[in-house]
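Structure record follows, encoded as C-alpha cells.
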Amino acid sequence: MGSIRFSATKCLVFLATLLWGLFAGCGGGGSAPLPPPPPPVITSFNATQSPITAGLGTTLTAVFANGSGNVDGGVGPVNSGVAAPVNPVSDKTYTLTVTNAAGSSVTGQALVRVVGAPVITSFTAAQSPITAGSGTTLTAVFANRTGTVDQGIGAVASGVAMPVSPGSDKTYTLTVTNGAGASVTAQTSVRVVG
C-alpha cells in the first residue's frame, strides 16, 4: 500500500485559502457596510385648538416619519397622524421627539394656551319700569374677556353703566366671550309705562 505524503507548502496554502474564505464571509473581505437608517423627520405638530377654556381639553397631532415619536408632559409614545388628548390646567408647551433606529432624533413643539371661563356676575337695569320718554342705565359685571349687549348697544366694559332709552318694553342680552370662543349670556328687561 502506498503512503500518503503531505506537503508543508500545500498545507499552508490550503489553510490560508480557508482562513481568507472565512474572513471574507464575516464581512472582512471588503463587503459593503450596511447603509445608515434614514433621518427622522417631523412634518407637523399642532394642537387642534389653542387657546382652550380652563377645564376643557384638546388634542395634539404629530405627523412624522423614519422613527418613533414621544411627547413629554405625561403624553408618552404617539403614532404619526393619530390625535393624543391633553388637558393642561395652564399654558403648556409640549415637545415631540422622534428618534430613528440609529439613535438620531429631532424635536418639535406645540403650545396650548389656557384661558379662564367667561363669567357674568350681574347684569341689571338701574330702574325698571321707566316712564315713556325717559331713560335708565344697564350695568354688566363680568370677567375673562369681552362683553357685548344687543339692541344696538354693542361692546361694553365690566362695571360701566350704559344709557338706554327704550320706547317700549325691551329685553337686553349680554354675551361674554373668552379667547377660546366659549360664551355665556345673561338678560335684563326694562319695562316702559305711559
Worksheet, complete the sentence: For region 99-189, the convex hull over Cα atoms projects on average to an area in nm² of 7.8
Practice prompt. Just need the relative contact order of region 29-147 here, percent rounded to a whole number, with Cα pairs under 8 Å and 6+ apart.
Written response: 24
Practice prompt. Whenever you get a sec, compute what percent of the accessible area on region 31-138 sits on carbon and sulfur atoms (1.4 Å probe).
Written response: 55
Worksheet entry | Rule-of-thumb Rg ratio for region 21-170 [Cα; 2.2 N^0.38 Å; N residues] | 2.02
Item to complete: From largest accessible area down, sort ARG145, ARG113; use a 1.4 Å probe on the protein chains.
Response: ARG145, ARG113
Worksheet entry | Cα gyration tensor category, rounded, prolate or oblate, for region 133-182 with a/c compared to 1.5 | prolate
Worksheet item: In terms of the Cα gyration tensor, with a ≥ b ≥ c the square roots of its eigenvalues, is region 53-120 rounded because a/c is under 1.5, prolate because a/b exceeds b/c, or oblate?
Response: prolate
Worksheet item: Counting every Cα pair in region 94-142, what percent are over 18 Å apart?
Response: 66
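The values are calculated or read from the model by the stated rules, or taken from the named source; none is laboratory data. Predicted, not measured: the structure shown is a model, and the values here were computed from it. Accessible surface is based on the protein model in full, side chains and every heavy atom, while ligands, DNA and RNA are left aside. Shrake-Rupley method; radii C 1.70, N 1.55, O 1.52, S 1.80 Å.
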